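The values are calculated or read from the model by the stated rules, or taken from the named source; none is laboratory data. Note that the structure is a prediction, hence the values are computed from the model and not measured. No Cβ is skipped: glycine too gets one built from the backbone with ideal geometry, and neighbour counts run over all protein chains shown.
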Amino acid sequence: MIKSFVGILVILTTLVSFNSNSATPKFDMKKDLLLLNFDLKTDVDDVHTIAALDLILKSNTFENLNYYAISGTYGMQGGGYVPANELFNLVFKHNWTDAHNYRQTSINKTIKKINKTLSSGGNIWMAEAGQSDFTQEILEALSEYNISFTKDQIIVVQHSDWNEKETSVDALNYVKQKTTYIRITDGNKTGNGTPGFNDPDYSTQALENKNLLSSKTWILANEISTKYNGINGRYDNKAISGGGADFSDLSEVAYILDIKNTPTVETFFSTFNKTISDK
């Protein structure tokens with residue numbers, strides 16, 4: 001009887017271990033698609049996030065990353081939109097879509113990307129640099145076009161309480177029901193297990209040095225941030241208005257791509273901010 005119990009216990013332990021491992025998905029660079037959802041309303045932190053992301057995309061490790069960026073994926077929040085199309089063109093070239101001005105077109109373009117990846121056996125990863133209302137629209141469009149998917153095939157990563165609160169309740173519940181929804185800790189803070197990419201004391205002016213890979217990107221990002229931060233009722237990001245850095249939404253990308261050893265703004269740039277000659 002004891003032997004039977006021990007045997008059953010071993011089997012159950014093995015199953016739990018297997019399920020725990022299978023419940024932690026990993027991004028596959030060869031097959032998976034990364035969707036970058038930027039609300040751009042009403043905080044300019046997304047502008048810094050895009051500029052910091054440019055360094056990741058230019059790195060040797062991630063230069064072949066399969067991604068697609070979407071602007072204007074906001075939810076219920078009020079306040080002005082932050083137009084950053086010029087920055088999107090500079091960083092993402094033709095690999096992005098404007099959901100602020102062309103919502104339905106952007107949905108159609110995005111589900112085509114998703115369908116291509118799913119058909120090839122890949123998974124979809126969504127970095128929610130904003131709310132999940134647009135994600136709900138994407139999921140509903142997939143169903144309307146009879147594009148089947150399982151919860152395991154679409155992984156949504158969110159880091160912000162505020163983003164969740166500014167998502168409609170129905171949309172957030174729908175996304176949590178239909179996808180693998182992963183909530184990581186706040187990317188604005190250090191020491192909580194997630195990179196803290198908000199540092200009012202780190203000068204982004206130095207990132208405009210023309211010898212650096214993303215100098216043009218940071219020049220433009222700083223121009224856009226200065227133009228819109230706290231203007232006409234938009235949120236006043238104190239870190240950015242003081243000349244510092246806030247790309248807290250990049251914590252989700254770091255999680256998805258399993259980027260380690262960059263717990264702070266300073267360590268991120270030490271790792272990714274190379275000179276043109278280094279590249």
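Looking for whichever is under 25 Å from LYS279 (Cα atoms) and in contact (Cβ under 8 Å) with a residue 12 or more places away in the chain here; the options are THR217, THR167. Which one fits?
Exactly one residue qualifies, and that residue is THR217.
Provide a single number: the residues in the stretch 224-279 that are crowded, with 17+ Cβ neighbours inside 10 Å, of a type in the set (D, E, K, R) and assigned to a loop (DSSP other than H, G, I, E, B).
Residues that pass the stated criteria total 3.
Looking at the stretch 126-185, what helices (runs of 4 or more DSSP H) fall wholly within it and have at least 2 residues that are surrounded by 14 or more Cβ atoms within 10 Å (Cβ to Cβ), modelled with pLDDT of 95 or more and among the aliphatic types (A, V, I, L, M)?
Once the helices (runs of 4 or more DSSP H) in the stretch 126-185 are filtered for at least 2 residues that are surrounded by 14 or more Cβ atoms within 10 Å (Cβ to Cβ), modelled with pLDDT of 95 or more and among the aliphatic types (A, V, I, L, M), what remains is 133-144, 169-178.
For every residue, the table says whether it meets (1) among the charged types (D, E, K, R); (2) out of contact with any Pro (no Cβ under 6 Å at 6 or more places or on another chain); (3) within 21 Å of ASP28 (Cβ to Cβ).
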| position | (1), (2), (3) |
| --- | --- |
| TYR102 | no, yes, no |
| SER148 | no, yes, yes |
| ILE154 | no, yes, yes |
| TRP162 | no, yes, no |
| ASP170 | yes, yes, no |
| TYR174 | no, yes, no |
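Select from the stretch 39-72 the residues that are more than 13 Å from the chain's Cα centre (by Cα) and charged (D, E, K, R) and write down the one among them that is surrounded by the fewest Cβ atoms within 10 Å (Cβ to Cβ).
Checking each candidate, the answer is GLU63.
Kindly evaluate ASN37 against the criterion of being assigned to a loop (DSSP other than H, G, I, E, B) and either touching a strand residue (DSSP E or B) at 6+ places or on another chain (Cβ under 6 Å) or over 21 Å from ILE107 (Cα atoms) (or both).
So ASN37 fails the test.
Among all residue pairs at least 6 apart or on different chains, which show Cβ distances below 7 Å where the first residue, located in the stretch 103-131, is touching a residue at least 60 places away in the same chain (Cβ under 8 Å) and the second is basic (Lys, Arg) and not in a strand (DSSP E or B)?
From the stretch 103-131, the pairs are SER120/LYS31; GLY121/LYS31; GLY122/LYS31.
Pull out all pairs, ordered by first then second residue, where Cβ-Cβ is under 7 Å, the residues are six or more apart or on different chains, the first lies in the stretch 237-253 and is of a type in the set (Ser, Thr, Tyr), and the second is in a strand (DSSP E or B) and crowded, with 22+ Cβ neighbours inside 10 Å.
SER248/ASN198
State which residue pairs qualify: first residue in contact (Cβ under 8 Å) with a residue 12 or more places away in the chain and inside the stretch 196-213, second residue among the small types (Gly, Ala, Ser) and outside any loop (DSSP other than H, G, I, E, B) in any location, beta carbons under 6 Å apart, and separation of 6 or more residues or different chains.
If the second residue must be among the small types (Gly, Ala, Ser) and outside any loop (DSSP other than H, G, I, E, B), the pairs left are PHE197/SER251; ASN198/ALA239; ASP199/ALA245; PRO200/ALA239; TYR202/ALA245; THR204/ALA245; GLU208/SER215.
Report yes if some residue within the stretch 189-199 is out of contact with any Ser or Thr (no Cβ under 8 Å at 6 or more places or on another chain), of a type outside the set (Asp, Glu) and part of a loop (DSSP other than H, G, I, E, B); otherwise report no.
Yes, the conditions are met somewhere in the stretch 189-199.
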